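S.K.: Could you have a look at this structure, given as structure tokens, before my questions?
The values are calculated or read from the model by the stated rules, or taken from the named source; none is laboratory data. The model shown is predicted, which means the values in this text are computed figures rather than measured ones. With ideal geometry, Cβ positions are generated from the backbone for all residues, glycine too; neighbour counts draw on all protein chains shown. Side chains included, ligands, DNA and RNA excluded: accessible areas come from the protein's heavy atoms. Shrake-Rupley method; radii C 1.70, N 1.55, O 1.52, S 1.80 Å.
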Amino acid sequence: MMPGWAAALATLAYVCAMFALAHFGDTRGRAFVNGRARPAIYAFGLAVYCTSWTFFGSVGLASTTGFDFLPIYIGPFIIIGLCYPFVRRLVQLAKAQNTTSVSDFVAARYGKADKVAVCATLLCVVGSIPYIALQLKAVAAATSIVIGSIEAGRLAIADMPAPSLAAPVILAVFAIAFGTRRIDATVHQDGLMLAVAVESIVKLFAFLAVGIAVTYMMFDGPVALFDAARANSAIREIFLEDNSPLSYGVMTALSAFAILLLPRQFHVTVVENRDERDIRTAAWLFPLYLVLINIFVIPLGIAGLLTFPPGTIDRDMTVLALPLQGGHQILAVFVMLGGLSAATAMIVVECVALSIMVSNDLVLPFFLRRARSAIAPGDLGTRLLVLRRLAILGLLALGHLYLLWANTAGLASIGLIS
């Protein structure tokens, strides 16, 4: 039996590996990042869209509302997979105007209007805080259930632990170290993008691993699993319930906008794009990624409903509860690391993107108006980096405070609020 400290050590080792990988990408690995691997790294970077809401929350949502999780991925599938010429045109416009953020791009549509940039930045910050809190909650819940269950020798579902400061502090260090090295926000963050791409691969393989293990080891394949669901009237009603086409349409439209206009998505899609030809690779690889990471959502949701009676577990933690219930502790640790990848990638890229917006659109103009004559040209760059680093710390602090306030809310509900 695996000791509880081994799971904690695996988490620490994984975080250290991501630091090392990002450092490699920023130093000796530049040739690799900018070589043949570049299109794949770009496509997997787009998968930062799949956060812990995807990794944990999709199964939890499917367990309660059936197929309601699908519109969240149909929109991005359409935009990146079918409308990639539009994405390419967006990238061309942004590069022509030396755009550094989504607020900068929106303001450029209105003659570089400062007030538009300020409004866009404020909206993005307010909307992103719950989403950052969602990721912090997923990290805390996942590590708690895995380490607690391994130490207890059985599935141990406890109340949501009090949010720890360890996760936001570590993530702030990562974001500052690899996202605020250079003054010019249009300079590509090679190490950050390499780490995000690898984390996308890790979370995909972790989700596929738990899906295959549950479907074929705990049950006798998808046919037997779906037959058992059809025989259960409560489960059958969840997946046969009629859903509003209007609701599906609205969620699909929102997700289509989100894949381009969320601060982190604009950053990886537009700002970090090195070559427009990479978009063609992303046009088939990213939709394939979306299909693969969702292919076991329904089987896992059904398996959770069949295994755990109502009220026994948090349905958002089904992907962890199932392997722990089956005694597959090593698999549970791997799944925990997959969820950690989904959460950390989102937080780091979102904070980097928002810090650029906050510093460029909110703080710096005010600061320059107040102290224009007192700033030497050489000091401006240093102060700009300090502003971005302080913005990252502030964003994570706000996310932590939001989590303290909404600690009992479900992952999907927090995500929809955001």
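S.K.: If SER373 passes every condition in (1) at pLDDT 85 or above; (2) more than 12 Å from TYR131 (Cβ to Cβ) but one, which one does it miss?
M.R.: Unmet for SER373, out of (1) at pLDDT 85 or above; (2) more than 12 Å from TYR131 (Cβ to Cβ): (1).
S.K.: Any residue in region 4-31 that is at negative phi and surrounded by 17 or more Cβ atoms within 10 Å (Cβ to Cβ) sitting within a Cβ distance under 7 Å of a residue that is among the aromatic types (Phe, Trp, Tyr) and modelled with pLDDT under 85? List the pairs, counting only those 6 or more apart or interchain.
M.R.: ALA22/PHE178; ASP26/PHE178
S.K.: Looking at region 230-248, can you tell me whether even one residue there is touching a residue at least 60 places away in the same chain (Cβ under 8 Å), among the small types (Gly, Ala, Ser) and over 22 Å from THR51 (Cβ atoms)?
M.R.: Looking for residues that are touching a residue at least 60 places away in the same chain (Cβ under 8 Å), among the small types (Gly, Ala, Ser) and over 22 Å from THR51 (Cβ atoms), one finds at least one in region 230-248, hence yes.
S.K.: Of the residues in region 96-116, how many are more than 24 Å from TYR402 (Cβ to Cβ) and either among the polar types (S, T, N, Q) or assigned to a helix (DSSP H, G or I) (or both)?
M.R.: Step one: of region 96-116, the residues more than 24 Å from TYR402 (Cβ to Cβ) are 96-100, 104-116.
If we keep only those that are either among the polar types (S, T, N, Q) or assigned to a helix (DSSP H, G or I) (or both) too, we end up with 96-100, 104-108, 114-116.
Total meeting the criteria: 13.
S.K.: Let me ask something else about it. Quick check: is even one residue across region 190-213 within 15 Å of VAL48 (Cα to Cα), in contact (Cβ under 8 Å) with a residue 40 or more places away in the chain and either among the hydroxyl-bearing types (Ser, Thr, Tyr) or outside any helix (DSSP H, G or I) (or both)?
M.R.: yes
S.K.: Does ALA94 count as small (Gly, Ala, Ser), in contact (Cβ under 8 Å) with a residue 24 or more places away in the chain, open to solvent by less than 60 Å² (accessible area, probe 1.4 Å) and under 20 Å from SER128 (Cα atoms)?
M.R.: Values: small (Gly, Ala, Ser): yes; in contact (Cβ under 8 Å) with a residue 24 or more places away in the chain: yes; open to solvent by less than 60 Å² (accessible area, probe 1.4 Å): yes; under 20 Å from SER128 (Cα atoms): no.
So ALA94 does not fit the description; no.
S.K.: Also, quick follow-up: List the number of the failed condition for LYS137; all other conditions in (1) among the basic types (Lys, Arg); (2) touching a Pro at 6+ places or on another chain (Cβ under 8 Å); (3) open to solvent by 20 Å² or more (accessible area, probe 1.4 Å) hold.
M.R.: Status for LYS137: all satisfied but (3).
S.K.: Given the options LEU398, LEU416, LEU306, name the one that is in a helix (DSSP H, G or I), at pLDDT below 85 and not β-branched (Val, Ile, Thr).
M.R.: Working: LEU398 fails: at pLDDT below 85; LEU306 fails: at pLDDT below 85.
Residue meeting the stated conditions: LEU416.
S.K.: Looking only at residues that are among the aromatic types (Phe, Trp, Tyr) and surrounded by 19 or more Cβ atoms within 10 Å (Cβ to Cβ) in region 178-218, which one is farthest from LEU340 (Cα to Cα)?
M.R.: Going through region 178-218, the residues among the aromatic types (Phe, Trp, Tyr) turn out to be 178, 205, 207, 216.
Checking which are surrounded by 19 or more Cβ atoms within 10 Å (Cβ to Cβ) leaves us with 178, 207.
Details: PHE178: 18, PHE207: 12 Å.
Here the residue is PHE178.
S.K.: To continue, here is another question. Residues being open to solvent by 60 Å² or more (accessible area, probe 1.4 Å) and aliphatic (A, V, I, L, M): count how many of those fall in region 235-290.
M.R.: 6
S.K.: Give me the helices (runs of 4 or more DSSP H) completely within region 1-89, filtered to those with at least 1 residues that are among the charged types (D, E, K, R) and touching a helix residue (DSSP H, G or I) at 6+ places or on another chain (Cβ under 6 Å), ordered by residue number. Before you say what the answer is, go through the steps one by one.
M.R.: Working: elements: 4-26, 30-33, 38-46, 58-65, 71-76.
Fully inside region 1-89 and qualifying: 4-26, 30-33.
S.K.: Can I ask one more? Which condition from (1) hydroxyl-bearing (Ser, Thr, Tyr); (2) out of contact with any Pro (no Cβ under 9 Å at 6 or more places or on another chain); (3) within 28 Å of MET336 (Cα to Cα) is the one that THR100 breaks?
M.R.: Every condition holds for THR100 apart from (3).
S.K.: If I ask for residues that are surrounded by 13 or more Cβ atoms within 10 Å (Cβ to Cβ) and either modelled with pLDDT under 80 or more than 29 Å from the chain's Cα centre (by Cα) (or both), which ones from region 376-391 would you list? Let's see the steps before the verdict.
M.R.: We begin by selecting, within region 376-391, every residue surrounded by 13 or more Cβ atoms within 10 Å (Cβ to Cβ); these are 380, 383-385, 387-391.
LEU380, ARG383 - these are the residues of region 376-391 that are surrounded by 13 or more Cβ atoms within 10 Å (Cβ to Cβ) and either modelled with pLDDT under 80 or more than 29 Å from the chain's Cα centre (by Cα) (or both).
S.K.: Quick one: what pairs do we get from region 146-167, first residue assigned to a loop (DSSP other than H, G, I, E, B), second surrounded by 12 or more Cβ atoms within 10 Å (Cβ to Cβ) and modelled with pLDDT under 80, C-beta under 8 Å, 6+ apart or different chains?
M.R.: MET160/ASN407; ALA162/ASN407; PRO163/ASN407
S.K.: Still on this structure, I have one more. Exactly one condition in (1) under 28 Å from GLY4 (Cβ atoms); (2) touching a Pro at 6+ places or on another chain (Cβ under 8 Å); (3) surrounded by fewer than 24 Cβ atoms within 10 Å (Cβ to Cβ) is false for PRO299; which is it?
M.R.: (1)
S.K.: So the check is Cβ under 9 Å with 6+ separation or different chains; which pairs have a first residue in region 250-267 that's in a helix (DSSP H, G or I) and a second one that's acidic (Asp, Glu) and open to solvent by 20 Å² or more (accessible area, probe 1.4 Å)?
M.R.: Going by the 9 Å Cβ cut-off, the qualifying pairs are MET251/ASP68.
S.K.: What pairs can you find where one residue is in region 274-295 and on the phi > 0 side of the Ramachandran plot, the other is part of a helix (DSSP H, G or I) and hydrophobic (A, V, I, L, M, F, W, C), and their Cβ atoms are less than 6 Å apart, with a gap of 6+ or different chains?
M.R.: Close Cβ pairs satisfying both conditions: none exist.
S.K.: Could I ask something else about it? Of everything in region 32-71, what is aromatic (Phe, Trp, Tyr) and surrounded by 19 or more Cβ atoms within 10 Å (Cβ to Cβ)? Give them in sequence order.
M.R.: Residues of region 32-71 that are aromatic (Phe, Trp, Tyr), as a first pass: 32, 42, 44, 49, 53, 55-56, 67, 69.
Across region 32-71, the qualifying residues are TYR42, PHE44, TYR49, TRP53, PHE55, PHE56, PHE69.
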